[in-house]
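Notes to accompany the following structure.
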Amino acid sequence: EDQVTQSPEALRLQEGESSSLNCSYTVSGLRGLFWYRQDPGKGPEFLFTLYSAGEEKEKERLKATLTKKESFLHITAPKPEDSATYLCAVTPQGGSEKLVFGKGTKLTVNP
Amino acid sequence: NAGVMQNPRHLVRRRGQEARLRCSPMKGHSHVYWYRQLPEEGLKFMVYLQKENIIDESGMPKERFSAEFPKEGPSILRIQQVVRGDSAAYFCASSPFRQGREQFFGPGTRLTVL
């Protein structure tokens, strides 16, 4: 069964304290891995797509990387406005286009 | 340049009533997906539709739930005879006609069953 596990479940950082979020996956072939950000009461906001091991994407303070078994979302010098739940999802090969989501990491950045 | 639109944003129903949730995809997108997010749970896939076709409904409960995406108008997720366990946030997403591409989500409909 296709599965996505995110860790930690929750993370508290001080402003400027860099860290990484982990997403490990077990799928029958990976078509794509996606990172989203979700604020309370809102829909997920698309951040990155990664397709193959070794690929990296960057956007402002965020950088996503991909290996054959996991992905990392690195947050450099975070600010309070980076506080949100970060969701990882995969699209397995051979199936429909459905996304299989992890439960997310709730990030809180204190000023 | 509107994003995915969903309405209503909040819906309250009593047990046994019907709930209809609407989703208009982004302009130019022909693929629609519905997901459900239960409290303290992750997003779970329900159904994937293209215009007038259900492509994958493997995540839909076998009874009371149905979905459509007609030639004209929004996609509809319909829940008949709602029960308290149906209380959740329901999200619609859309994508363009390219395999494995990112999905863009709407703001969701929060269904409360009394």
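Kindly indicate whether A:V27 is more than 10 Å from every other protein chain (Cβ to nearest Cβ), touching a strand residue (DSSP E or B) at 6+ places or on another chain (Cβ under 7 Å) and in contact (Cβ under 8 Å) with a residue 12 or more places away in the chain. So A:V27 fits the description; yes.
For segment B:79-97, indicate whether the set of residues that are within 14 Å of chain A (Cβ to nearest Cβ) and surrounded by fewer than 17 Cβ atoms within 10 Å (Cβ to Cβ) is non-empty. Don't jump to the end; show me each part of the working.
Restricting attention to segment B:79-97, the residues satisfying the condition of being within 14 Å of chain A (Cβ to nearest Cβ) are B:88-97.
In the following step, the residues that additionally are surrounded by fewer than 17 Cβ atoms within 10 Å (Cβ to Cβ) were identified as B:96-97.
Checked segment B:79-97: at least one residue is within 14 Å of chain A (Cβ to nearest Cβ) and surrounded by fewer than 17 Cβ atoms within 10 Å (Cβ to Cβ).
Among the residues of segment A:1-35, those identified as crowded, with 20+ Cβ neighbours inside 10 Å and closer than 24 Å to B:G108 by Cα are A:V4, A:Q6, A:G32, A:L33, A:F34, A:W35. Applying the selection to segment A:18-66, what residues are basic (K, R), in contact with a Ser or Thr (Cβ under 8 Å, 6 or more places away or on another chain) and within 19 Å of B:V4 (Cβ to Cβ)? Within segment A:18-66, just A:R37 meets the criteria.
With respect to being over 20 Å from B:W34 (Cα atoms), in contact with a Pro (Cβ under 9 Å, 6 or more places away or on another chain) and touching a residue at least 60 places away in the same chain (Cβ under 8 Å), A:Q38 falls outside the description.
For every residue, the table says whether it meets (1) closer than 25 Å to A:V90 by Cα; (2) touching a His at 6+ places or on another chain (Cβ under 8 Å); (3) free of Cβ contacts under 8 Å to residues at least 60 places away in the same chain.
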{"site": "B:P39", "(1), (2), (3)": "yes, no, yes"}
{"site": "B:Q50", "(1), (2), (3)": "yes, yes, yes"}
{"site": "B:P70", "(1), (2), (3)": "no, no, yes"}
{"site": "B:S75", "(1), (2), (3)": "yes, no, yes"}
{"site": "B:R101", "(1), (2), (3)": "yes, no, yes"}
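Applying the criterion of being over 14 Å from the mean Cα position of the chain (by Cα) and surrounded by 14 or more Cβ atoms within 10 Å (Cβ to Cβ) to the residues of segment B:98-111, the residue that is nearest to A:E45 (Cα to Cα) is B:E102.
Readers should treat all values here as calculations from the given coordinates under stated rules, not as data from a laboratory. Given the structure is predicted, the values throughout are model-derived calculations rather than measurements. Using ideal geometry, Cβ is built from the backbone for each residue, glycine included, and neighbour counts are taken over all protein chains shown.
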